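Some notes on the structure that comes next.
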Amino acid sequence: MTDAPRPTDNAVFGQLMGGSPDATFGGVLSFMRRRYSRDLANVDAVVWGIPFDQSVSNRPGARFGPAAIRRASAIFDGDPQYPFGFDPFATLAVIDYGDAAFDYTQPQGFADAIAAQAGEIIKGEAQLFSLGGDHFVTYPLLKAHAARHGRLALVQFDAHQDTWPDHGGISHGGFVARAVREGFIDPASSIQVGIRTVAPEDCGIHIVHGHEIDTLGVAGVIGRIREVVGDLPAYLTFDIDCLDPAFAPGTGTPVAGGLSSREALAILRGLGTVDFIGGDVVEVAPPYDHADITAIAASTVALYYLGLLAERRRD
Ligand SMILES: [Mn+2]
């Protein structure tokens, strides 16, 4: 007489709450085995894929990001999640909403399509955490979140400031300038961490350069972020190229001299008092990845975000 085998395919047959019994190597993939659903009733947080990479300036491939991040997230089993020490899904009802719908033959209509769908998702109480996609996806996400919450503080982990002129086009290197221009984010309450490229303007946003991480230290960076953001509703956008290419090779515009995943995660862990109202992790381009290094880092960023939300809910 043996025990019944563990159930599988929590993504399809599982409950809304609680960890998943799926083996790390099997079962239907969703983000951390959350149930695939479009029912927002009693849902606290929605994970959503946006497989769009038509605004990149260098290497394409981020359209495969959401699938890779979901696959990598299978390494998190149903145990209490490190470093939170509890199962975030016992506190927080999280669903995987699947992927955004858009016509890839009409990239000029992409922003409106995403802003409308994101707006529907967040019109109630549920939060949205999106899996990119190139960094242009953050532009319509900021638009939807600003419409819901008012002017936002942007907390951006990135090697790039993304403040280049886009001349009305779609560019993953220009969405921040556009979001400032259109009033979605308050630059004086916004901060970019890990910058190590030039840009024509800073738009008044605070910057922690890549080379400053060592001198400021993790605690110093956490302090700067908290000080800049204050009590404003904050949106987290985590471009995986904030990490050094040693820790995130699978991305479209890698830049040497970035943060280690340990540093970035320790900083994120210290942001529990920031009033995050939504976020994303972007620019994971699996064709340049090795052994899922980049996708694992991105899925861990998403886990930390949900962990912070769950922790806030428990307090
Ligand atoms: Mn970047």
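Read the figures in this text as sums done on the coordinates, not as results from a lab. As the structure is a computational prediction, the values presented were derived from the model and not from experiment. No Cβ is skipped: glycine too gets one built from the backbone with ideal geometry, and neighbour counts run over all protein chains shown.
Structure notes:
- Selection status of Ala111, assigned to a helix (DSSP H, G or I), touching a residue at least 24 places away in the same chain (Cβ under 8 Å) and surrounded by 15 or more Cβ atoms within 10 Å (Cβ to Cβ): yes
- Residue among Gly279, Gly307 that is closer than 19 Å to Val155 by Cβ, out of contact with any His (no Cβ under 7 Å at 6 or more places or on another chain), assigned to a strand (DSSP E or B) and in contact (Cβ under 8 Å) with a residue 40 or more places away in the chain: Gly279
- Matching entry among Phe84, Phe25, Phe102, Phe31 (being at negative phi, of a type in the set (A, V, I, L, M, F, W, C) and within 15 Å of the chain's Cα centre (by Cα)): Phe31
- Scanning segment 219-243 for residues that are under 20 Å from the mean Cα position of the chain (by Cα), away from the ligand (no atom under 16 Å from the Cβ) and more than 22 Å from His149 (Cβ to Cβ) yields a total of 2.
- Restricting segment 71-99 to residues that are out of contact with any Lys or Arg (no Cβ under 6 Å at 6 or more places or on another chain) and part of a helix (DSSP H, G or I) leaves a set whose member that is nearest to Leu306 (Cα to Cα) is Pro88.
- Scan of segment 164-179 for residues that are within 19 Å of the chain's Cα centre (by Cα) and surrounded by fewer than 23 Cβ atoms within 10 Å (Cβ to Cβ), ordered by number: Ser171
- Hits in segment 33-52 - residues which are buried (at least 23 other Cβ atoms within 10 Å of the Cβ) and not in a strand (DSSP E or B): Arg33, Arg34, Phe52
Residues checked against (1) under 21 Å from Leu141 (Cβ atoms); (2) crowded, with 22+ Cβ neighbours inside 10 Å; (3) free of Cβ contacts under 8 Å to residues at least 24 places away in the same chain:
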position: Glu182; (1), (2), (3): yes, no, no
position: Ile191; (1), (2), (3): yes, yes, no
position: Arg196; (1), (2), (3): no, no, no
position: Ala199; (1), (2), (3): yes, no, no
position: Ile207; (1), (2), (3): no, no, no
position: Asp214; (1), (2), (3): no, no, yes
position: Ala219; (1), (2), (3): no, no, no
position: Glu227; (1), (2), (3): no, no, yes
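- Enumeration of residues in segment 171-207 that are hydrophobic (A, V, I, L, M, F, W, C) and touching a Gly at 6+ places or on another chain (Cβ under 7 Å): Ala188, Ile195
- Phe238 being in contact with a Gly (Cβ under 8 Å, 6 or more places away or on another chain) and surrounded by fewer than 20 Cβ atoms within 10 Å (Cβ to Cβ): no
- Top-ranked residue in segment 1-22 [being of a type in the set (A, V, I, L, M) and touching a residue at least 40 places away in the same chain (Cβ under 8 Å); ranked as farthest from Ser37 (Cα to Cα)]: Met17
- Residue-level check: of (1) more than 11 Å from the ligand (Cβ to nearest atom); (2) in contact with a helix residue (DSSP H, G or I) (Cβ under 9 Å, 6 or more places away or on another chain), Gly150 misses just (2).
- Flag for Leu141 being more than 15 Å from the ligand (Cβ to nearest atom), out of contact with any Leu (no Cβ under 6 Å at 6 or more places or on another chain) and either part of a helix (DSSP H, G or I) or free of Cβ contacts under 8 Å to residues at least 60 places away in the same chain (or both): yes
- Cβ pairs under 9 Å, 6+ apart, first in segment 230-248 and farther than 18 Å from Ser299 by Cβ, second more than 10 Å from the ligand (Cβ to nearest atom) and of a type in the set (Phe, Trp, Tyr): Pro233/Phe276; Ala234/Phe276; Tyr235/Phe184; Tyr235/Phe276
- Considering residues of segment 119-135 that are more than 12 Å from Arg63 (Cβ to Cβ) and either within 16 Å of the ligand (Cβ to nearest atom) or within 9 Å of the chain's Cα centre (by Cα) (or both) only, the residue surrounded by the most Cβ atoms within 10 Å (Cβ to Cβ): His135
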